[in-house]
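*Asks:* Here it is: the structure, laid out below.
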Amino acid sequence: MKLAPLALLLPALCCPTSARADLERLPVVELTAFKDGHALVRREGTVPLDAGVARIDGLPEPVFGTFWPYAKGEGVTLKSTTAGYQKVTLSRTPLSAEEMLTAAIGTKIIVHEARETEDVSYEATILGRPTRSAEEQDANDGDPAAGGGQPTLPVRGPMILLGTPQGTRVVPISKINEFTLVGPAPETIEEEVIRTGLKLRVDGPKPDENVTAGLSYVQQGFKWVPQYRVMLGDDGRAKITLQAALVNDLIDVEDATVRLVVGVPTFAFKGQTDPISLQVAYDQVTRATNGAVDRYDFNGNGALLMNSIQTQVRMGRGRREAEAAPAPEVTGGARTEDLYVYTLEHVTLAKGERMTVTVKEFDVPYEDRYEALLPVIPPRELLSDDNERRRVGSLIAASTVEHSVTLTNETDAPFTTAPALLYRDGQILAQSLMTYAAPGGTSDVNLGTAVEVRTDVTESITGRKDEPNLRGMDRFERIMLKGSIDITNRRPEATTVNLTKLVPGEVTAVSNEAKKRELGPADMAGYPDGAINLSRYGVPNWWVSLNPTTEIEWEVSVPPGKTVTVTYEWQYFWRW
């Protein structure tokens, strides 16, 4: 059994500073946040060198292929970066009797010991604790051929060695009920722990000077959520405020620059962790890249990255209450390729915290719009039972006039897709979705159903005509129909309604200078499925080749308290 000397238990008191594996925690100086939760993190700081090696605490979990360390300075060159496990000496407050006894080696104490027949008290000096050193364990237990792996930590035994006039007593710590320290109690105990970290090997400065080092990587965990407030004025102008909610589940940020990106980023390997994090093995990386590069790997066998992966070697602070930080400062925005970036300075946000900050205010014109989409009503011949007829009734009843506002973006920054609260005269109107609009574009924001504007549809058959030889097929009939739509305005002012009606067949006549066109496949894809799809009614295969789907559009101004009627005529072919 080996007595742990003072040098082993308290290395900070007897060993040179350069022998300690202290790790530097680099602060975040810049962070670029995307709406999908990815963030480009740049951490940088001054790091002391130990024989040309800078040691950095902790490992990020970057997206595969995005980890880039660096070192800066005149004549400074980063030669290599190694991720691994390192021993770190920590100073902690002793919280248990065991830790207090270990920290008080060399101190005189009065021991109160529990024995089988009675409790006894006696004076003694703490000599130490039997401890197996890391070197002893590696020599006796390790496999010399294995190598690598995590470093070994010393193992302390359950005994304490006490010096008494009679000799050295070996006492199980669990037998000591309590003890009295003759002198002040130790305030700290230093222990070795294992941490993951990085070793940056640097050429250039003197081996023991300081160097500016940093890490840049993309990782999931910090995102920004845009939110809009839209104040609609009576002058046709809207005052829009963009607010950003910052969600930090990644890393502490203190007095850093944060950039908020509007746009759709491309991370081909998102969801795959870089090997530098020690979270994935070599074969996992290979499998991950097989799936991640399908977009570019036309052979589908993952060979795109084999040249760069198969040749690689396989790799084996408590939170304090922060002082009130100053509010972030928005210093502007700028376009970068297909993205637009807002810049916030002096952002302080701890991991787990949330923040909202006003990013930009807009003053743009808007226009009220009232629109109705009246869906395709299937031919009577397809309505074979009551369920289908009720379905058509529900479809017509759901065809309401919708009120929206069209915002014209006259600014130099885009509108991004985000929730929006809309107000008029201080009264909330709705929460809706603001859609993306580039500078010069428009965004339609829905306010809901216009209950004071309604439509009523009436359709009837006006004639039938046999078609004995239609495209070489017999037993066809041409069925002619007429429809009318009443648009009633109960609002106190005139209202312009944009009305769209979808018709199953060829339109032969329209009123009120309406526009009509037969829809192609791409056109039909832009409509909701329920408004245009007849397949649910069992439409026969020949229907599409003979009967187009036609769109009719009206723009009608309806005076207050009045009704305007528009009409249309169409025909379709049916085979008996």
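The values are calculated or read from the model by the stated rules, or taken from the named source; none is laboratory data. Keep in mind it's a predicted model, so treat the numbers as computed, not measured. Every residue, glycine among them, receives a Cβ derived from its backbone with ideal geometry; neighbour counts consider all protein chains shown. Note: accessible area is taken over every heavy atom of the protein model, side chains too, but ligands, DNA and RNA are not part of it. Shrake-Rupley method; radii C 1.70, N 1.55, O 1.52, S 1.80 Å.
*Asks:* Taking segment 244-260, which residues are surrounded by 17 or more Cβ atoms within 10 Å (Cβ to Cβ) and either out of contact with any Phe, Trp or Tyr (no Cβ under 9 Å at 6 or more places or on another chain) or in a strand (DSSP E or B) (or both)?
*Replies:* Across segment 244-260, the qualifying residues are 244, 246, 247, 248, 252, 253, 256, 257, 258, 259, 260.
*Asks:* When segment 109-141 is examined, which residues are found to be of a type outside the set (A, V, I, L, M, F, W, C), within 29 Å of residue 183 (Cα to Cα) and modelled with pLDDT under 85?
*Replies:* Once the filter is applied, which keeps residues that are of a type outside the set (A, V, I, L, M, F, W, C), within 29 Å of residue 183 (Cα to Cα) and modelled with pLDDT under 85, segment 109-141 yields 113, 115, 118, 119.
*Asks:* For segment 34-60: of the residues being open to solvent by 50 Å² or more (accessible area, probe 1.4 Å) and part of a strand (DSSP E or B), which is farthest from residue 73 (Cα to Cα)? Explain how you work it out, then say what you get.
*Replies:* Initial filter on segment 34-60 (open to solvent by 50 Å² or more (accessible area, probe 1.4 Å)): 35-36, 40, 42, 46, 48, 51, 55.
Adding the requirement that they be part of a strand (DSSP E or B) leaves 40, 42, 46, 48, 55.
Working: 40: 23, 42: 17, 46: 11, 48: 14, 55: 17 Å.
Applying the filter and picking the extreme gives 40.
*Asks:* In the set 40, 95, 78, which member is of a type in the set (A, V, I, L, M), at pLDDT 90 or above and over 35 Å from the mean Cα position of the chain (by Cα)?
*Replies:* Testing whether each residue is of a type in the set (A, V, I, L, M), at pLDDT 90 or above and over 35 Å from the mean Cα position of the chain (by Cα) leaves just 95.
*Asks:* Just checking, how many residues over segment 45-61 are more than 13 Å from residue 199 (Cβ to Cβ) and touching a helix residue (DSSP H, G or I) at 6+ places or on another chain (Cβ under 8 Å)?
*Replies:* Final tally of qualifying residues: 2.
*Asks:* Residue under question is residue 144, and the condition is that it be at pLDDT below 85 and either part of a strand (DSSP E or B) or under 30 Å from residue 28 (Cβ atoms) (or both); does it hold?
*Replies:* It is false that residue 144 is at pLDDT below 85 and either part of a strand (DSSP E or B) or under 30 Å from residue 28 (Cβ atoms) (or both).
*Asks:* Just to be sure before I move on: is residue 75 farther than 17 Å from residue 178 by Cβ and open to solvent by 30 Å² or more (accessible area, probe 1.4 Å) in the structure I sent?
*Replies:* Yes, satisfied.
*Asks:* Is there any pair with a first residue in segment 521-542 that is closer than 21 Å to residue 394 by Cα and a second that is assigned to a loop (DSSP other than H, G, I, E, B) and modelled with pLDDT of 85 or more whose Cβ atoms are under 7 Å apart and which are 6 or more apart or on different chains, and what are they?
*Replies:* 530/375; 531/375; 531/376; 532/375; 532/376; 534/376; 534/378; 537/378
*Asks:* Test each condition in (1) surrounded by fewer than 19 Cβ atoms within 10 Å (Cβ to Cβ); (2) in a strand (DSSP E or B); (3) over 17 Å from the mean Cα position of the chain (by Cα) for residue 208 and report the one that comes out false.
*Replies:* Of the numbered conditions (1) surrounded by fewer than 19 Cβ atoms within 10 Å (Cβ to Cβ); (2) in a strand (DSSP E or B); (3) over 17 Å from the mean Cα position of the chain (by Cα), the odd one out for residue 208 is (2).
*Asks:* Let me ask another. If I filter segment 528-543 down to residues being in a loop (DSSP other than H, G, I, E, B) and polar (S, T, N, Q), which single residue comes out as modelled with the lowest pLDDT?
*Replies:* 533
*Asks:* In segment 103-124, what residues are surrounded by fewer than 17 Cβ atoms within 10 Å (Cβ to Cβ), assigned to a strand (DSSP E or B) and acidic (Asp, Glu)?
*Replies:* The answer is 119, 123.
*Asks:* Tell me, please, whether a residue that is at pLDDT below 95, open to solvent by less than 30 Å² (accessible area, probe 1.4 Å) and not in a strand (DSSP E or B) can be found in segment 544-563.
*Replies:* Within segment 544-563, one or more residues are at pLDDT below 95, open to solvent by less than 30 Å² (accessible area, probe 1.4 Å) and not in a strand (DSSP E or B).
*Asks:* In segment 61-102, what residues are assigned to a loop (DSSP other than H, G, I, E, B) and either of a type in the set (D, E, K, R) or touching a strand residue (DSSP E or B) at 6+ places or on another chain (Cβ under 7 Å) (or both)?
*Replies:* The answer is 61, 62, 64, 66, 67, 73, 74, 76, 94.
*Asks:* If we only count strands (runs of 3 or more DSSP E) wholly inside segment 391-467, which ones have 3 or more residues that are of a type in the set (Lys, Arg) and open to solvent by 60 Å² or more (accessible area, probe 1.4 Å)? Break it down into steps so the answer makes sense when it comes.
*Replies:* On the way: elements: 401-408, 418-424, 427-434, 442-449, 453-467.
The qualifying strands (runs of 3 or more DSSP E) are 453-467.
*Asks:* Please enumerate the residues belonging to segment 177-202 that are open to solvent by 50 Å² or more (accessible area, probe 1.4 Å) and more than 28 Å from residue 54 (Cβ to Cβ).
*Replies:* Selection gives 177, 178, 180, 182, 184, 185, 187.
*Asks:* Pairs only if they're at least six apart or on different chains, beta carbon under 7 angstrom, first in segment 391-410 and closer than 16 Å to residue 488 by Cβ and modelled with pLDDT under 80, second open to solvent by 70 Å² or more (accessible area, probe 1.4 Å) and not polar (S, T, N, Q); list them, first residue then second.
*Replies:* Pairs found: none.
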